[in-house]
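To start, the structure under review is shown below, and the notes come after it.
The values are calculated or read from the model by the stated rules, or taken from the named source; none is laboratory data. Just so it is clear, the structure is predicted and the values come from calculations on it, not from any experiment. Heads up, the Cβs are rebuilt from the backbone with ideal geometry, glycines too, and the neighbour counts pull from every protein chain shown. The protein model used for the area step is the full one, side chains on, heavy atoms only, and it has no ligands, DNA or RNA in it. Shrake-Rupley method; radii C 1.70, N 1.55, O 1.52, S 1.80 Å.
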2 protein chains.
Amino acid sequence: MTEKIESLVPGYIKTLKPYEPGKPVEEVERELGIRKCVKMASNENPLGPSPKAIKAVRDAAKKMHFYPEGDCFYLRQRAIKAFGVKSEELIFGNGSNEIIELLMRCLLRTGDNIVVSQHAFLVYKLVAQGLGAETMEAPAKNLGHDLGAMAGLINERTKLIFVANPNNPTGTYCNLDDLTKFLDVSRGVPVVMDEAYYEYAEAKDYPQTLPLLKKYPNIFILRTFSKVYGLAGLRVGYGIGNPALVQYLNRLRQPFNVNLLAQHAALSALDDKAHMKKSLAVNRAGKKFLYAQLKKNGLEFQPTEANFILVKTGEGRKVFNALLKLGVVVRPMDVYGLPDHIRVTVDVEKNNLLFLNALLKTLNER
Amino acid sequence: MTEKIESLVPGYIKTLKPYEPGKPVEEVERELGIRKCVKMASNENPLGPSPKAIKAVRDAAKKMHFYPEGDCFYLRQRAIKAFGVKSEELIFGNGSNEIIELLMRCLLRTGDNIVVSQHAFLVYKLVAQGLGAETMEAPAKNLGHDLGAMAGLINERTKLIFVANPNNPTGTYCNLDDLTKFLDVSRGVPVVMDEAYYEYAEAKDYPQTLPLLKKYPNIFILRTFSKVYGLAGLRVGYGIGNPALVQYLNRLRQPFNVNLLAQHAALSALDDKAHMKKSLAVNRAGKKFLYAQLKKNGLEFQPTEANFILVKTGEGRKVFNALLKLGVVVRPMDVYGLPDHIRVTVDVEKNNLLFLNALLKTLNER
């Protein structure tokens, strides 16, 4: 049977290397036999979920034998108002990852390609490979997207372009000017603006893409409830874009792709302005603290528009392992082509300090 | 832009007709302006979720800002013991629908085909179409799968065969003898045994497929926590089969496909033997009651191995609409090629009676 399977599965699926996620606290504690681990590896909200979302989940738990609303009816109504979009422009997914997958399954055939930047989110490349499509990667400029270089890669087989803004894992961003110049030469190819970290962006020239949709209908915006909304465990992301495309994605998706508790929690999280405000304030304070301390200790880092910082430590994988043993989980960046970096999530003061001390200890011992 | 999209999307995606799910109670009440609707449309467990699962979800809600374990670590350990399988034979999905999708994305290319039975679960056909693959449908025999006819359809482009056992929406089943005869001539093509209703089957010759895996390694078993386990809202299903295939499905799936609360709830539901026992008893009693009453009133129905009954009412869509107005949601079966039937979920005594009275009222008024 194994031979038969091997003969049926195409090479591009066989050679897929699964994405390496941040290690869960439980896994680290299990494997290393340590306790009280701190996870600063997956850009989760250090304040936890909105208390309103927790209450919504606890209330809805008794109804979880029912299938969810297939089109996220109530969440959708709430989101339409909150974001100022039309229902037919909006799609929800099992995390924004699912929407990335749906977009590619809808638009890419074997031999087609996507255009991305070096050091961009790895999932783009993996999903494309799973479809037998190619990834054209433009070299980064100062760790960020070089939109000019990306535009130069577009050809007649390019069916999707991904601009992660702010970009994970570098924390860099494209400004409004550069973006509109890029959109002007994007030849109508759908441009996915992956804005998973949208709410954290503080730069004055960070582009608001919703108002651009009218002039550039090839923009497709991706956002998520996994980051500042604190609902990574529930898997709910959303896409906003051209109704024709949204309609086809809806045909392709499974009828109950977003689970019932996720819908309740996301709706309540949207209503919790206080939790959002506090989460953003904690992130601002944490960035300020970490910037100052890293600078003071002569460590190079990339200023960030998100809730994580890319730090140049040298030998990132080794530093990652050493930090693990000290109970601090960060992310090594070799898989992103950055072997000398680690990525750390901005956390509450206590944990930021814990990370910093562990990092200094590790670097001093080398 | 719409023109550009239209030019990029293949015809087989454009013509996809989305699956029509059972109407949620809230939707019916919203649309018809009625209250206290009873949903007997989606084969959900009428007793609700296991109390242990509810507790697990309420406890875990405060942790839902964390990403879930990507490989369902704790649920997996528990499931391995409960089912007597190896870890490398087991995969979890966002509902078993996701695993159906992964199987097809892994094994089917444009122009390939799947073999199914008439009146089988519609999702098979829809997922195949979304990949540009064909569905070869063998005519049913007495509403059930005609495995001989299905075997006759297998050709060199057949990459997957689906045997729904018991079948939704007919409630029919294939017995052990017929199944092994079929497997003997299945030419090594992967045969998906879709056993979403496995736990409900009572027939003595209903086949246990796990022990068959050794002799027939092309079997791939699909089961779910959406039915007797009462967790449809959380989306968690699982597949058991050849480790080579499981490994490729794992490469294709998104890293966090099963949400955190679903993992906690499923694990606890597995431990709740009392809830399972009670759920099966309620179903047995409900079947007995409905069989007797339908017979008494001269209504034709298909004996079922699941938790729903296919009833021949004539003009199923009209009967469905009339029942809706009386506050009872069932499913019309025209989309399954059964325009004279409705499908009703076996419920608790009170609701079974409610359905029966509404049905008799409806039929008498015609």
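Values computed for the structure shown
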| read-out | value |
| --- | --- |
| Label geometry 7 Å along the beta-carbon vector: B:Leu360 inter-copy distances in nm | 8.2 |
| Ascending list, in nanometres, of distances separating the A:Val185 label from those of the other copies (7 Å, Cα toward Cβ) | 6.4 |
| Contact order relative to length of chain A, as percent, for alpha carbon pairs under 8 angstrom and 6 or more apart | 23 |
| Label point 7 Å beyond Cα along the C-beta direction, distances from B:Lys296 to other copies (nm, shortest first) | 8.3 |
| Shape of segment B:148-274, Cα gyration tensor, a/c cut at 1.5 | oblate |
| Computed FRET value (nearest 0.05) for B:Thr110 with B:Ala292, which takes r as the C-beta separation and R₀ as 45 Å | 0.35 |
| Separation of alpha-carbon centers, segment A:221-290 and segment B:2-37, rounded to whole Å | 22 |
| For A:Ala358, net neighbour charge (Lys/Arg +1, Asp/Glu -1) across residues whose Cβ lies under 12 Å away | +1 |
| Rg(Cα)/(2.2 N^0.38 Å) for segment A:1-69, N = residue count | 1.83 |
| Top positive-direction residue, dipole computed over segment B:53-128 with Cβ charges, set B:Ser117, B:Gln77, B:Ala128 | B:Gln77 |
| Bins of 5 Å, starting at 0 and running to the largest distance - Cα pair percent for segment B:51-272 | 1, 7, 15, 19, 20, 16, 11, 7, 3, 1, 0 |
| Size of the A/B contact, given as accessible area buried on both chains, probe 1.4 Å, in Å² | 7100 |
| Tensor-based shape of the protein assembly as shown (alpha-carbon gyration tensor, a/c under 1.5 rounded, otherwise prolate or oblate) | prolate |
| Accessible carbon and sulfur surface of segment A:85-133 relative to its total accessible area, %, 1.4 Å | 49 |
| Share of Cα-Cα pairs in segment B:1-130 lying beyond 23 Å, as whole percent | 61 |
| Within segment B:51-272: Cβ-based charge dipole about Cα centre, in debye rounded to nearest 20 (Lys, Arg +1; Asp, Glu -1) | 640 |
| For B:Thr224, distant residues with modelled amide H under 5 Å away | B:Tyr238 |
| Label-to-label distance, nm, for residues given as B:Arg317 and B:Leu176 (7 Å Cα→Cβ offset) | 4.4 |
| Value at 222 nm in deg cm²/dmol, rounded to 500, when DSSP H runs of n ≥ 4 in the protein assembly as shown each add -39,500 (n - 2.57) | -12000 deg cm²/dmol |
| Counted charge near A:Arg251, where neighbours are those whose Cβ lies closer than 15 Å (Asp, Glu -1; Lys, Arg +1) | -2 |
| Whichever lysines have a C-alpha closer than 26 Å to that of A:Lys181, once near sequence neighbours (fewer than 8 apart) are set aside | A:Lys125, A:Lys141, A:Lys159, A:Lys204, A:Lys214, A:Lys215, B:Lys4 |
| Order by protection proxy (mean Cβ within 10 Å, highest first), peptides B:41-50, B:84-93 | B:41-50, B:84-93 |
| Separation of the A:Lys273 and B:Glu6 label points, Cα + 7 Å toward Cβ, nm | 4.3 |
| Charge context of B:Lys52, other residues only, Cβ under 9 angstrom, K/R +1, D/E -1 | -1 |
| Segment A:20-60: C-alpha gyration tensor shape, a/c 1.5 cut-off, then a/b vs b/c | prolate |
| Spin-label model distance (nm) - A:Val185 vs A:Glu365, 7 Å beyond Cα toward Cβ | 5.0 |
